[in-house]
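Asker: Input: one structure, supplied below.
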Amino acid sequence: MATIYDIDNIYKCYERGKSLKYFKKIAGERIYLSPINVEDVEKYTEWMNDIDVTINLLTAANIYSLDKEREALIMLSKEGYNFAIVTLDNNELIGNCGLTSVNLIHRTAEAGIFIGNKNYWNKGYGTEAMNLLLDYGFNLLNLNNIMLRVYSFNKRAINCYKKCGFKEIGRRREATIIGNKKYDQIYMDILASEFKGKIPEKIKD
């Protein structure tokens with residue numbers, strides 16, 4: 001018969017196992033960035049089939065099965081610089097972000113992000129996650145220029161990027177058509193000299 005001590009140890013092991021789904025690569029005040037866990041495939045598949053989420057990613061017309069999403073997660077977890085966005089207080093997955101087209105010679109990359117859990121929208125989590133990603137890109141990968149693309153109807157994302165220091169550098173006009181309406185694709189970027197992160201503070205001279 002299991003004792004209270006045994007039950008307590010089992011619970012602690014269970015909680016430790018849950019937390020080990022994610023690993024704190026870089027942490028902020030409320031969230032941290034972790035390597036992507038392929039076991040989250042059901043959650044990602046749910047998000048990628050949610051039109052409220054994907055309309056801003058322009059993948060709303062795509063159909064995602066578990067197998068298709070699993071293949072995508074396996075690729076993302078092995079290649080490039082891609083992260084799960086996880087809450088610090090309860091280790092809850094809320095989205096992901098990453099750097100693609102990374103050129104370590106010319107020190108450039110393109111950023112991407114989405115918050116899939118709608119309970120965390122409009123609360124600053126996207127801004128915090130993007131700042132962590134920029135800190136990683138500028139201060140660990142030593143990038144000089146990070147750009148992104150966003151559609152003109154996605155005002156929430158545009159405001160988020162501006163808060164992080166991104167500036168508009170151009171537009172591809174009427175590059176997207178939804179419901180017979182035409183929208184511009186906005187190009188934004190930020191330089192290393194325009195961003196100050198917290199990673200350098202970890203060095204103790």
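The values are calculated or read from the model by the stated rules, or taken from the named source; none is laboratory data. The shown structure was predicted, so the numbers you read here are calculated from the model rather than taken from an experiment. Ideal geometry is used to build each Cβ from the backbone, glycine not excepted, and the neighbour counts take in all protein chains shown.
Asker: From the residues in segment 70-86 that are of a type outside the set (Lys, Arg) and part of a helix (DSSP H, G or I), which one is nearest to residue 40 (Cα to Cα)?
Answerer: Applying the filter and picking the extreme gives 73.
Asker: Of the numbered conditions (1) within 17 Å of the chain's Cα centre (by Cα); (2) surrounded by fewer than 17 Cβ atoms within 10 Å (Cβ to Cβ); (3) not basic (Lys, Arg), residue 115 satisfies every one except a single condition; which is it?
Answerer: All conditions pass for residue 115, except number (2).
Asker: In this structure, does residue 131 turn out to be in contact (Cβ under 8 Å) with a residue 12 or more places away in the chain, surrounded by 12 or more Cβ atoms within 10 Å (Cβ to Cβ) and outside any loop (DSSP other than H, G, I, E, B)?
Answerer: Against the criterion (in contact (Cβ under 8 Å) with a residue 12 or more places away in the chain, surrounded by 12 or more Cβ atoms within 10 Å (Cβ to Cβ) and outside any loop (DSSP other than H, G, I, E, B)), residue 131 qualifies.
Asker: Right, something else. Could you say whether any residue in segment 175-183 is free of Cβ contacts under 8 Å to residues at least 40 places away in the same chain, of a type in the set (S, T, N, Q), at positive phi and surrounded by fewer than 14 Cβ atoms within 10 Å (Cβ to Cβ)?
Answerer: yes
Asker: While we're looking at this one, here's another question. May I ask you to list the residues in segment 135-147 that are buried (at least 20 other Cβ atoms within 10 Å of the Cβ) and closer than 29 Å to residue 178 by Cβ?
Answerer: 146 - this is the single residue of segment 135-147 that is buried (at least 20 other Cβ atoms within 10 Å of the Cβ) and closer than 29 Å to residue 178 by Cβ.
Asker: Considering only residues that are assigned to a loop (DSSP other than H, G, I, E, B) and small (Gly, Ala, Ser), which ones fall in segment 145-165?
Answerer: Residues satisfying the conditions are 152, 165.
A quick yes/no check of all residues on (1) touching an Asp or Glu at 6+ places or on another chain (Cβ under 7 Å); (2) surrounded by 14 or more Cβ atoms within 10 Å (Cβ to Cβ); (3) closer than 22 Å to residue 140 by Cα; (4) in contact (Cβ under 8 Å) with a residue 24 or more places away in the chain:
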{"position": "22", "(1), (2), (3), (4)": "no, yes, yes, yes"}
{"position": "27", "(1), (2), (3), (4)": "no, yes, yes, yes"}
{"position": "55", "(1), (2), (3), (4)": "no, yes, no, yes"}
{"position": "73", "(1), (2), (3), (4)": "no, yes, no, yes"}
{"position": "81", "(1), (2), (3), (4)": "no, yes, yes, yes"}
{"position": "103", "(1), (2), (3), (4)": "no, no, yes, no"}
{"position": "107", "(1), (2), (3), (4)": "no, yes, yes, yes"}
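Asker: Can you spot a residue in segment 30-40 that is modelled with pLDDT of 95 or more, touching a strand residue (DSSP E or B) at 6+ places or on another chain (Cβ under 6 Å) and more than 30 Å from residue 201 (Cα to Cα)?
Answerer: Yes, the conditions are met somewhere in segment 30-40.
Asker: If you go through segment 18-74 one residue at a time, how many are out of contact with any Leu (no Cβ under 6 Å at 6 or more places or on another chain), within 18 Å of residue 97 (Cβ to Cβ) and of a type in the set (Gly, Ala, Ser)?
Answerer: So the answer is 3.
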